[in-house]
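Let me begin by presenting the structure, written as structure tokens, before commenting on it.
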Amino acid sequence: MSISVSEALRPARKPALIGVVAVVGIFVGVWINDTYFSDRTPVQPIEFSHRVHASDNEIPCQYCHIYASRSPSAGVPSVAKCMGCHTAVADARERPEVLKLAGYWDRQEPIPWVKVHDVPDFVHFTHKRHVLAGVQCQECHGPVQDMDRITRIAPMTMPWCVDCHTEREVENGRDCWTCHK
Amino acid sequence: MRSEVDMSNVLDKLREYSKPGYYDEFDYHWTMTIDLDRCTGCEACVVACQAENNLPIVGEERYAEAREIKWIRIERYWEGEFPDVKLNFIPMLCQHCDEAPCETACPVFATYHNQDGLNTQIYNRCIGTRTCAVYCPYEVRYFNWFTYTWDEPLEQQLNPDVSVREKGVMEKCTFCIQRIRMAKDNAKDDGRRRVRDGEVVPACVQSCPTEAMSFGDSNDPDSKVSQVMNSPRGYKVLEELNTVPSVIYLKKVHDDV
């Protein structure tokens with residue numbers, strides 16, 4: 001009397017099926033979480049569009065982010081900086097998003113922008129060194145000029161930093177204390 | 001049948017791997033000299049270090065448990081019998097040994113020797129086995145037994161260039177590596193590759209009222225520290241352990257000798 005392999009595996013079928021469904025479910029769940037619920041594309045207090053400013057109107061990055069080449073922080077422009085242009089631009093007080101900006105200006109409040117690109121407190125990062133070394137903004141921040149709402153493209157993780165330092169052969173670029181503090 | 005093992009190759013490998021940090025030559029070799037003849041034991045360096053490097057005030061109880069954290073401390077040595085006693089001070093800080101025993105001990109390579117001859121500690125990587133503190137003959141490694149907090153508004157005075165350490169992490173003197181990094185940064189802005197002598201001043205050296213300490217690159221023969229360290233009074237603490245410290249003390253001279 002003989003017994004087939006499929007017959008022998010019959011008791012294991014149900015657990016195996018459950019296992020496969022669970023694994024697929026985990027992957028789908030992670031994907032859904034990553035796509036729809038991640039903090040990579042937070043909703044900002046004003047629907048500011050980099051596409052309109054940087055691409056359509058061709059404003060250079062460092063016109064607004066003025067500290068990028070001389071400070072650790074690139075700098076978020078002040079409301080005054082925004083209003084400097086928007087009082088002069090013809091349709092300044094017509095569009096709803098610009099009206100929001102004008103509201104902040106009238107109340108003399110800073111705009112509570114949500115930070116998209118952040119590194120932990122134990123990381124020493126300076127925009128200055130990177131900008132002066134000729135790294136383009138888009139290499140880390142992605143095609144910002146094509147984004148309406150800013151999305152974080154880069155993973156901002158240590159291997160991501162180290163890979164670039166290795167590729168470009170940065171002097172002492174792989175020493176821990178170059179970036180850690 | 002196995003061929004004979006080439007022992008010379010093995011020894012070469014052993015020598016290579018047992019060298020902390022894998023550097024034969026250092027880019028800079030940061031060195032400190034401390035003139036004990038000038039040290040008055042005022043502890044200004046201790047306070048300066050505390051302010052610069054976000055060291056916690058552990059409090060009386062923790063201090064009694066010998067869990068204080070001071071990257072530099074003033075050790076007192078009494079000489080002679082009462083009433084004919086003399087008091088000697090030795091500021092003791094991480095010696096940044098070129099053959100550091102602590103570096104060989106760390107299971108996760110949280111402490112290592114970098115290209116500037118600094119014995120460095122990566123807080124994120126540290127898992128708190130405290131082996132390094134056991135191996136350190138100078139007892140200058142400090143363990144965070146607790147997460148210390150700063151009451152408002154004292155947290156505003158924390159140095160943003162130095163991370164605030166948490167519970168379970170070993171820490172020690174870094175020769176104010178954030179200032180070294182800043183000096184290198186400024187040098188790059190000026191289009192220089194090298195930092196000039198005197199541009200890097202750690203907090204303790206800066207605060208010393210009698211200028212007993214000096215700090216610089218001993219690879220540069222013209223630097224102040226290179227000249228001071230060749231003094232006939234110069235010695236290294238526990239030199240016989242072959243740790244090759246980067247801190248050179250200048251002996252105190254007694255007038256009655």
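Observations
- Residues that are surrounded by 13 or more Cβ atoms within 10 Å (Cβ to Cβ), away from chain B (no Cβ under 14 Å) and out of contact with any Asp or Glu (no Cβ under 9 Å at 6 or more places or on another chain) within the stretch A:100-134 comprise A:L101, A:A102, A:Y104, A:W105, A:I111, A:W113, A:H117, listed in sequence order.
- Residues (away from chain A (no Cβ under 14 Å) and either touching a Gly at 6+ places or on another chain (Cβ under 7 Å) or farther than 20 Å from B:S218 by Cβ (or both)) located in the stretch B:125-139: B:I127, B:G128, B:T129, B:R130, B:T131, B:C132, B:A133, B:V134, B:Y135, B:C136, B:P137, B:E139
- Output for the stretch B:168-178, where each listed residue is facing another protein chain (nearest Cβ under 8 Å) and in contact with an Asp or Glu (Cβ under 7 Å, 6 or more places away or on another chain): B:Q178
- If you go through the stretch B:146-165 and pick out every residue that is loosely packed, with under 10 Cβ neighbours inside 10 Å, more than 25 Å from the chain's Cα centre (by Cα) and not charged (D, E, K, R), you end up with 2.
- Scope the stretch B:140-158; condition over 17 Å from B:I69 (Cα atoms) and either in contact (Cβ under 8 Å) with a residue 60 or more places away in the chain or within 14 Å of chain A (Cβ to nearest Cβ) (or both); matching residues: B:E155, B:Q157
Okay, residues lined up against (1) under 15 Å from B:D217 (Cα atoms); (2) modelled with pLDDT of 90 or more; (3) in a helix (DSSP H, G or I); (4) within 11 Å of another protein chain (Cβ to nearest Cβ):
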site: B:P160; (1), (2), (3), (4): no, yes, no, yes
site: B:S163; (1), (2), (3), (4): no, yes, no, yes
site: B:E166; (1), (2), (3), (4): no, yes, no, yes
site: B:I180; (1), (2), (3), (4): yes, yes, yes, yes
site: B:D185; (1), (2), (3), (4): no, yes, yes, yes
site: B:V200; (1), (2), (3), (4): yes, yes, no, no
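- Here B:I122 meets the list (1) over 25 Å from B:H29 (Cα atoms); (2) within 14 Å of chain A (Cβ to nearest Cβ); (3) hydrophobic (A, V, I, L, M, F, W, C) almost entirely, failing just condition (1).
- Of all the numbered requirements in (1) surrounded by fewer than 18 Cβ atoms within 10 Å (Cβ to Cβ); (2) closer than 21 Å to A:W177 by Cα, B:D255 misses one, and that requirement is (2).
- Filter pass, B:A64 being of a type in the set (G, A, S) and either surrounded by fewer than 16 Cβ atoms within 10 Å (Cβ to Cβ) or over 23 Å from the mean Cα position of the chain (by Cα) (or both): yes
- As a summary of the residue check, B:G191 satisfies the conditions (1) on the phi > 0 side of the Ramachandran plot; (2) more than 11 Å from chain A (Cβ to nearest Cβ) except for the one numbered (2).
- Members of the stretch B:95-118 that are of a type outside the set (D, E), touching a residue at least 40 places away in the same chain (Cβ under 8 Å) and within 14 Å of chain A (Cβ to nearest Cβ): B:H96, B:A110, B:T111, B:Y112, B:H113, B:N114, B:Q115, B:G117, B:L118
- Flag for A:P143 being without any contact (Cβ under 8 Å) to a residue 12 or more places away in the chain, surrounded by fewer than 17 Cβ atoms within 10 Å (Cβ to Cβ), under 30 Å from B:Q121 (Cβ atoms) and more than 14 Å from every other protein chain (Cβ to nearest Cβ): no
- Test: A:Y67 is touching a Ser or Thr at 6+ places or on another chain (Cβ under 7 Å) and among the hydroxyl-bearing types (S, T, Y): yes
- Residues satisfying the stated conditions in the stretch B:187-198, i.e. assigned to a loop (DSSP other than H, G, I, E, B) and either exposed (fewer than 15 other Cβ atoms within 10 Å of the Cβ) or not aliphatic (A, V, I, L, M) (or both): B:D190, B:G191, B:R192, B:R193, B:R194, B:R196, B:D197, B:G198
- Among the residues making up the stretch B:1-40, a single one is of a type in the set (A, V, I, L, M), part of a helix (DSSP H, G or I) and modelled with pLDDT under 65: B:L14.
- Identity of the residue in the stretch B:70-102, aliphatic (A, V, I, L, M) and exposed (fewer than 15 other Cβ atoms within 10 Å of the Cβ), that ends up nearest to B:Y138 (Cα to Cα): B:L87
- Of all residues in the stretch A:150-181, those satisfying the criterion of being in a helix (DSSP H, G or I) and either away from chain B (no Cβ under 14 Å) or not hydrophobic (A, V, I, L, M, F, W, C) (or both) are A:P159, A:W160, A:D163, A:C164, A:H165, A:T166, A:E167, A:T178.
- Condition check for B:T174: under 13 Å from B:E52 (Cα atoms) and either under 16 Å from the mean Cα position of the chain (by Cα) or surrounded by 15 or more Cβ atoms within 10 Å (Cβ to Cβ) (or both): yes
- Those residues of the stretch A:146-181 which are among the hydroxyl-bearing types (S, T, Y) and touching a residue at least 60 places away in the same chain (Cβ under 8 Å), in sequence order: A:T151
- The stretch A:28-37, residues that are outside any loop (DSSP other than H, G, I, E, B) and exposed (fewer than 10 other Cβ atoms within 10 Å of the Cβ): A:Y36
- Meets criteria (among the β-branched types (V, I, T), in contact (Cβ under 8 Å) with a residue 24 or more places away in the chain, more than 14 Å from chain A (Cβ to nearest Cβ) and farther than 19 Å from B:C49 by Cβ) for B:V237: no
The values are calculated or read from the model by the stated rules, or taken from the named source; none is laboratory data. None of the values given here were measured: they were computed from a predicted structure. Here Cβ is always computed from backbone atoms with ideal geometry, including for glycine, and neighbour counts include all displayed protein chains.
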